[in-house]
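> A single structure is presented below for examination.
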Amino acid sequence: MSSVIPHNARVLSGMRPTGQLHLGHYHGVLKNWVKLQHEYACYFFVADWHALTTHYESSGIIAQSVWDMVIDWLAAGVNPGTAKLFIQSRVPEHAELHLLLSMVTPLGWLERVPTYKDQQEKLKEKDLATYGFLGYPLLQSADILIYKAQGVPVGEDQVAHVELTREVARRFNHLYGREPDFEDKAEAAIKKMGKKAAKLYRDARKRYQEQGDAEALDVGRALLEEQQNLTIGDRERLFGYLEGSGRIILPEPQAMLTPASKMIGLDGQKMSKSYNNTIALREAPEQVTQKLRTMPTDPARVRRTDPGTPEKCPVWLLHQVYSDDGVRAWVQQGCTSAGIGCLDCKQPIVDAVLAELEPIRERAEQYVTNPSLVRSIVEEGCDAARSVARETLQEVRTAMGLSYK
Ligand code: TRP
Ligand code: SF4
C-alpha cells in the first residue's frame, strides 16, 4: 500500500563510489537530493560495500572515489547541516543486520531480483557468480531497514530492490513481531495515549480494518508519530495493531522514484562513464568548452552552407535541457536554413553549462583545500547514523531472541 510520506520522515539513499561524478548524476540524482533535504530528514551514504560486490578485483577505484564523491555531493549543494552524510563501512551495524536478515530470506527471492541476472549479463567480463553479489539487494535492504527509512529515492532500476526490502520487512515482522500477549499489550498501550488520542486511534483502526479505508490508516499512523509518551515497543505494537498484524519492528519503506533526467552525453546517448561521453562536475572550463565544441552534430551538415535537421543532432537534445523557447526557435530557424554555424549553435550551451558548473567548482574548492573539513563532516554523519542503527539493531536482536543476559 502506498501512502504519503510525511514531512520530516526519514529518507535514505546511497551511491556507489566507482568513479567521478558527472552532469548525468547532477541532473539525475543530486539536484533531487538537494531538494529532498529541505523536506525530509535525509541520510545519504557512500555505498562502498556495494561497490565492492562488482569491483572486488579493482578495489582501488573505491578508495579513490569515496572522498571525491562526498566533495561532489557538497559541491552540488547537499548541506551537511541538514542531511547526514556517511560511509556504509563505517557503520558496521549494516553488516550485522544483513547477516540476520539473510537467515530469513529465501534464496529464490534474491535469484529472482531482475538486476541479478541483468548485471551478470551486462558485466560479462566480471565473475559475478559470488555470494556477495547475490546478496547485493539484501545488503541494500539492511541499509534501508536499519534506519527505518520511510522513503528511498531511487531510479527506476532500483525499485525492485525497495520492493524486496518491503517483502523482507514483512517476513521479519511476521516471524518476530508475534508476542503471545500482543493484544493485551496493544490495548494497554492505547490507554497510555490519553483519552482523546485513544479514541481517534480506535476510530481510525476500525475504519481501516472494517472498510479498508487507506486514509484512516494514514491518520492512525500520523497520530502514532505524534505521541510523545509511547515507548518504541508500544509504538511498534500500535502500528501493527492498526493494520491487524503483529508488532512492526521493521517498517516497510517506499520507493520515491527519481524523475528520469533528460541530460544526455556528448554523443546523444545516456551520459555514462562507460560510454566515455561525460562532462565531470569539476571539469576545467577550458576542457568543458573544448568537449562541447568538438561534439558531433547532424552528420548531414558537412559544410557550413549545408542546412541541417536539429532532430538528428545531439546538440539539439542539450538545447532541451539548457535553452528556452526563444533560443530553440533560433536554432530551428538557423539550422534548417544554414543561417547559423554549429559553433554558433553550441555557444549558448557552452555558456549555460559553464554557468551551471561554476558555483559547483567554487563550492568544491573549499573542501578540496581543506580535506579535514570533509573528514569531520563525514565523521559527524557516521556518528548520527550509528546511533540510529544501534538502536534498531538492539530491537532486532531482542525480537530474534538474541539478547541473552
Ligand atoms: N544500489 C544502489 C545503486 O546502485 C545504491 C544503494 C545501496 C542504495 N544501498 C542503498 C540506494 C540503499 C538506496 C538505498 O544506485
Ligand atoms: Fe546541430 Fe545546431 Fe549544428 Fe543544427 S546548427 S546541426 S542543431 S549543432
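The values are calculated or read from the model by the stated rules, or taken from the named source; none is laboratory data. Since this is a predicted model, take the numbers as computed values, not measurements. Don't worry about glycine lacking a Cβ; one is built from the backbone with ideal geometry, like all the others, and counts go over all protein chains shown. Side chains included, ligands, DNA and RNA excluded: accessible areas come from the protein's heavy atoms. Shrake-Rupley method; radii C 1.70, N 1.55, O 1.52, S 1.80 Å.
> For the subset of the stretch 53-101 comprising residues that are surrounded by fewer than 17 Cβ atoms within 10 Å (Cβ to Cβ) and of a type in the set (Gly, Ala, Ser), which member is nearest to Arg170 (Cα to Cα)?
My answer is Ala95.
> So which of Trp33, Trp49 ends up being in contact with a strand residue (DSSP E or B) (Cβ under 7 Å, 6 or more places away or on another chain) and buried (at least 19 other Cβ atoms within 10 Å of the Cβ)?
Answer to the check: Trp33.
> Checking the condition more than 18 Å from Gly81 (Cβ to Cβ), modelled with pLDDT of 95 or more and in contact with a helix residue (DSSP H, G or I) (Cβ under 8 Å, 6 or more places away or on another chain), which residue from Trp49, Trp33 passes?
Exactly one residue qualifies, and that residue is Trp49.
> Still on this structure: Do we have any residue at all in the stretch 76-94 that's of a type outside the set (D, E, K, R), within 16 Å of ligand 1 (Cβ to nearest atom), touching a Ser or Thr at 6+ places or on another chain (Cβ under 8 Å) and touching a residue at least 24 places away in the same chain (Cβ under 8 Å)?
Within the stretch 76-94, not a single residue is of a type outside the set (D, E, K, R), within 16 Å of ligand 1 (Cβ to nearest atom), touching a Ser or Thr at 6+ places or on another chain (Cβ under 8 Å) and touching a residue at least 24 places away in the same chain (Cβ under 8 Å).
> Considering only the stretch 379-395, I want to know if a residue exists there that is more than 22 Å from His22 (Cα to Cα) and outside the structural domain of Leu74 (by TED's automatic domain parsing).
no
> May I pose another question? Pick from the stretch 310-347 the residues that are hydroxyl-bearing (Ser, Thr, Tyr) and open to solvent by less than 50 Å² (accessible area, probe 1.4 Å): which of them is nearest to ligand 1 (Cβ to nearest atom)?
Among those that are hydroxyl-bearing (Ser, Thr, Tyr) and open to solvent by less than 50 Å² (accessible area, probe 1.4 Å), it is Tyr322.
> Do the conditions hold for Lys31, that is, is it charged (D, E, K, R), out of contact with any Phe, Trp or Tyr (no Cβ under 8 Å at 6 or more places or on another chain), without any contact (Cβ under 8 Å) to a residue 12 or more places away in the chain and in a helix (DSSP H, G or I)?
no
> Please determine, by comparing only the residues of the stretch 116-150 that are among the β-branched types (Val, Ile, Thr) and surrounded by 15 or more Cβ atoms within 10 Å (Cβ to Cβ), which one is nearest to ligand 2 (Cβ to nearest atom).
Taking the candidates together, the pick is Ile144.
> May I pose another question? Among the residues of the stretch 247-263, which ones are modelled with pLDDT under 90 and surrounded by 19 or more Cβ atoms within 10 Å (Cβ to Cβ)?
Within the stretch 247-263, just Ser261 meets the criteria.
> If I ask for residues that are surrounded by 15 or more Cβ atoms within 10 Å (Cβ to Cβ) and in a helix (DSSP H, G or I), which ones from the stretch 392-405 would you list?
Thr392, Leu393, Glu395, Val396, Arg397, Ala399 - these are the residues of the stretch 392-405 that are surrounded by 15 or more Cβ atoms within 10 Å (Cβ to Cβ) and in a helix (DSSP H, G or I).
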